[in-house]
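Heads up: the structure comes next, in structure tokens.
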Amino acid sequence: MSDYQSYMKGSPFEVKVISARFSLPDSTSIDTFLAHEGYQALAKAFQMGPEAVINEMKNSQLRGRGGAGFNTGLKWSFVPKQTDKPKYVVCNADESEPATCKDRPLMEYDPHQLIEGIIIAGYAIGAHQGYIYIRGEYRYLMEVLDRAIAEAYARGYLGKDIQGSGFDFELCTHTGAGAYECGEETALLNSLEGLRGYPRVKPPFPAVVGVYGCPTIVNNVETLCNAPHIVLKGAEWFAGLGTPKNGGTRLFCLSGHINRPGVYELPMGFPLRKMIEEVGGGIPRGKKLKSVIPGGSSCPLLTADEIDVPMDFDSLAKIGSMLGSGGVVMIDEDTCMVKVAQRIMKFYAHESCGWCIPCREGTAWLKRLLDRLHGGAGVTGDPDTALDVSYNILGKTLCPLGDAAAMPTISIVKKFRSEFDEHVRLGGCPYERKSAAVQAAR
Amino acid sequence: MLSDTLISKFDDVIARYPLKRSAIVPLLLFAQDEIGHISDEAIEEIARRVEVLPIEVIEDIGYYSMLHRQPIGKFNLQVCTNVSCQLLGGEEILEHCSKRLGIGHKQTTADGLFSLEEVECLGACCGAPAMQVNYDFYENLTPERVDRLIEDLKARAEK
């Protein structure tokens, strides 16, 4: 349904691990998958045993691709070994972080890779049931996955006694119906239980008390897609693809003001400048870069002076931002940063589930303030008020949505303060005036 | 009346979970796909099948943005204006749709053919600006492409 060429333009800098099968003819079919190493990792995992699989995952330095960047093997190891309760694997396919569109091609072009990853996760933690929680808008992908799951059952890769291993595993898709908050793992679990997607208090963490009160691991699509490769080729190989403590590759989604927008699989730690200039082909119409959102709209923004940074979790943390979900947005010199802040806040105010007061009230307040400021009715204290309100959300909510609203706002106000002051001074947006003047001169 | 196909789908979906109420949101969406909106009858039927009170089903409807109680147009144009789309003209696409159809956010044309909605990120960022018509993605939009799309949809409705 999406145009392969328009998303996967390709680049000589790519290192294709999880996207390696995307371009094969009939890439979604189980026969194609089996002809290209498919389900071989599962067979190997059955020989290794659960403990060894978890260790391999830990040592691979694979970190959660949904945004939090927690060591995946470590997360799996938190699931209690001795328990009478059933355990669950939940794949988070609720991809909704603005600027992120990487799980889409993973499901669209190689659904069996994800299925194999989920079965391996289930085997490792001793779960016999998996759910793929997929956002409601991705209906066509649910259909792709449903077909692939049916194929896997028919060939004995799902169901009872998988390939004579004695291991049973059931898997099905579950559709959401529009709610960004459900991408947060505890809200997702409530949603999976048929409730509103409100977050839960942690601890207990889902690994101990997850869906139906049972031990559960929740992993992002891209995270799980990496598991078969780690099992098959080993932790050392995988860790070696990236930078220390940041194993593997990453699907980066380049969007916004960039000549070649698309999804590219690059090694962890790939330099941002090179990503923009050489992979993405630079900024259109010879414009200068003003700012970059490095990993989805929840991350603190970078200025054009901050792009000499390796794109891994630790390097971005070091400069006060985040690698997040891999959504990299380029913003050119003609863009009003107040308007960017305003649009980002409109999103969080809309998506705040309303459970925690600082987030519910704070995002609405910030939205009103930024609307007013951009609209020309701002007053001198507004930029400082924006910071004050943001700091009163930060760290004061159950789930990270509050932080996700505060962090980009703080970074934009601090790094582009003069634009805010200019709006107040002029009583309006200087960029809109400039473009109106250009129009009039024509 | 809910169709037999829908009822048998209900049974199939409910069987996937150890707790029946897990099926509420999928069932609501599947019912909406068939009926066009979520009717009182659908709420009653779903509540009965998953063994909850109708009010618990209604609570969910109020939370999830894709679920709606009122009929909407045959084609629901959902235009993304989030950051990646905004930078490349998503707001202009929304405005163009609005002028062209004579309706605003969450409104429906008098002939019941089109609804318009400004939506949050659809996950089509590398094909910005983008929209969804019902479940179908349309990407790299321009006002001209939108005009052609609307004509195509009208023609499809006449068939």
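The values are calculated or read from the model by the stated rules, or taken from the named source; none is laboratory data. If you're wondering where the values come from, they're calculated on a predicted model, not measured in any experiment. Backbone-built Cβ (ideal geometry, glycine too); neighbour counts: all protein chains shown.
Of the residues in region A:240-283, how many are in a strand (DSSP E or B) and within 12 Å of chain B (Cβ to nearest Cβ)?
Narrowing region A:240-283 to residues in a strand (DSSP E or B): A:243, A:246, A:249-256, A:262-267, A:270-271.
When the remaining residues are screened for being within 12 Å of chain B (Cβ to nearest Cβ), the result is A:251-256, A:262-264.
Residues that pass the stated criteria total 9.
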Give region A:69-104 a look and list any residue that's over 12 Å from the mean Cα position of the chain (by Cα) and within 25 Å of A:S321 (Cβ to Cβ), or say none. A:F70, A:N71, A:T72, A:L74, A:K75
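One line per residue, one yes/no per condition, for (1) surrounded by 20 or more Cβ atoms within 10 Å (Cβ to Cβ); (2) modelled with pLDDT of 95 or more; (3) under 26 Å from B:G112 (Cβ atoms):
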position: B:L2; (1), (2), (3): no, no, yes
position: B:Y17; (1), (2), (3): yes, yes, no
position: B:K20; (1), (2), (3): no, yes, no
position: B:I24; (1), (2), (3): yes, yes, no
position: B:L27; (1), (2), (3): yes, yes, yes
position: B:D33; (1), (2), (3): no, yes, yes
position: B:D40; (1), (2), (3): no, yes, yes
position: B:I46; (1), (2), (3): yes, yes, yes
For region B:66-86, indicate whether the set of residues that are more than 28 Å from A:E181 (Cα to Cα) and β-branched (V, I, T) is non-empty. no
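Take A:R139 and tell me if it is of a type in the set (K, R), surrounded by fewer than 22 Cβ atoms within 10 Å (Cβ to Cβ), within 11 Å of chain B (Cβ to nearest Cβ) and closer than 25 Å to B:S65 by Cα.
So A:R139 fits the description; yes.
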Can you name the helices (runs of 4 or more DSSP H) wholly within region A:1-55 that have at least 3 residues being of a type outside the set (K, R) and in the same structural domain as A:I115 (by TED's automatic domain parsing)? A:30-35, A:40-48
Going residue by residue through region A:393-409, is there one that turns out to be among the β-branched types (V, I, T), assigned to a helix (DSSP H, G or I) and within 24 Å of the chain's Cα centre (by Cα)? yes
Within region A:221-234, can one find any residue that is buried (at least 23 other Cβ atoms within 10 Å of the Cβ) and within 14 Å of chain B (Cβ to nearest Cβ)? yes
Does A:L369 satisfy the condition of being touching a Cys at 6+ places or on another chain (Cβ under 6 Å), surrounded by 14 or more Cβ atoms within 10 Å (Cβ to Cβ), away from chain B (no Cβ under 14 Å) and among the aliphatic types (A, V, I, L, M)? no
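Is there a residue in region A:99-109 that is touching a Gly at 6+ places or on another chain (Cβ under 7 Å), assigned to a helix (DSSP H, G or I) and at the interface with chain B (Cβ under 9 Å from one of its Cβ atoms)?
Initial filter on region A:99-109 (touching a Gly at 6+ places or on another chain (Cβ under 7 Å)): A:99-102, A:104.
From what is left, the residues that are assigned to a helix (DSSP H, G or I) are A:104.
Add one more test, that the residue is at the interface with chain B (Cβ under 9 Å from one of its Cβ atoms), and what stays is A:104.
Among the residues of region A:99-109, at least one is touching a Gly at 6+ places or on another chain (Cβ under 7 Å), assigned to a helix (DSSP H, G or I) and at the interface with chain B (Cβ under 9 Å from one of its Cβ atoms), which makes the answer yes.
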Anything in region A:319-332 that is closer than 21 Å to A:L370 by Cβ and not in a strand (DSSP E or B)? List them, or say none. A:S321
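Across region A:179-191, which residue is farthest from A:Y212 (Cα to Cα) among those that are in contact with an Asp or Glu (Cβ under 7 Å, 6 or more places away or on another chain) and facing another protein chain (nearest Cβ under 10 Å)?
A:Y180
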Tell me the helices (runs of 4 or more DSSP H) entirely within region B:78-159 that contain at least 3 residues that are touching a Pro at 6+ places or on another chain (Cβ under 8 Å) and closer than 26 Å to A:T175 by Cβ. B:83-87
Working carefully through the options A:G362, A:G324, A:G320, A:G378, find the one that is at pLDDT 95 or above, surrounded by 21 or more Cβ atoms within 10 Å (Cβ to Cβ) and at positive phi. A:G324
Would you pick out the residues in region B:23-56 that are polar (S, T, N, Q) and in contact (Cβ under 8 Å) with a residue 12 or more places away in the chain? B:Q32
